[in-house]
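Data first, discussion second: the structure below is written as structure tokens.
The values are calculated or read from the model by the stated rules, or taken from the named source; none is laboratory data. Note that the structure is predicted; figures quoted are calculated from it, not measured. Cβ placement follows ideal geometry from the backbone for every residue including glycine, while neighbour counts extend to all protein chains displayed.
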Amino acid sequence: MRAGMLLGRNRAATACMDLSDGLADGIRQLATASGVGMVIDSSAIPVDGRADAHYRALGLDPLQAVLAGGDDYELIFTVRPTSRGRLRAVRRLVGDLPITKVGTVTRDRRIVVRTPQGDRELPAGFEHFR
């Protein structure tokens, strides 16, 4: 909560929201609301080794599961390259704030996940009543 308030107050983030409904849902909402696209780097998305093994044992794609899952309880936000100093200031104020860059905002409104096999469409996000 404090991190989100500081990102806004210090104008470090251009957009920010919580990920309670999952990464794919958050990415899609940010892009749609901002009228932009995004390229997500699949290799940058953190997947715990145990989760990876679990999904593979079930015959599922770990990346797909992580993107489409819910209950992440983290923030997703965008930062302009010119605001990196503001982001560093927020990090210092919050303490040990882990930040993972997972993609890039684009003018092209497509939202894609870049994988070694090529670009693919971002999966649907978590839906409560599915």
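Would you check which residues across the range 35-72 are assigned to a helix (DSSP H, G or I) and either under 15 Å from L23 (Cβ atoms) or touching a strand residue (DSSP E or B) at 6+ places or on another chain (Cβ under 6 Å) (or both) and list them? Within the range 35-72, S42, S43, A44, A51, Y55, P62, L63, Q64, A65, V66, L67, A68 meet the criteria. Determine the pairs where a residue that is farther than 18 Å from C16 by Cβ and surrounded by fewer than 10 Cβ atoms within 10 Å (Cβ to Cβ), located within the range 98-113, has a partner that is at pLDDT 95 or above and not hydrophobic (A, V, I, L, M, F, W, C) with Cβ atoms under 8 Å apart, the partner being 6 or more residues away or on another chain. Correct list of pairs: R107/G37.
When residues in the range 103-130 are screened for being assigned to a loop (DSSP other than H, G, I, E, B) and either over 15 Å from the mean Cα position of the chain (by Cα) or at pLDDT 95 or above (or both), 10 of them pass.
Is there a residue in the range 79-98 that is among the acidic types (D, E), over 18 Å from the mean Cα position of the chain (by Cα) and outside any helix (DSSP H, G or I)? Yes: one or more hits.
The condition (being surrounded by 14 or more Cβ atoms within 10 Å (Cβ to Cβ) and either touching a Gly at 6+ places or on another chain (Cβ under 6 Å) or aromatic (F, W, Y) (or both)) is satisfied by just one residue among I76, I45: I76. If you check S83, S42 for being in contact (Cβ under 8 Å) with a residue 40 or more places away in the chain and within 19 Å of R110 (Cα to Cα), only one passes: S42.
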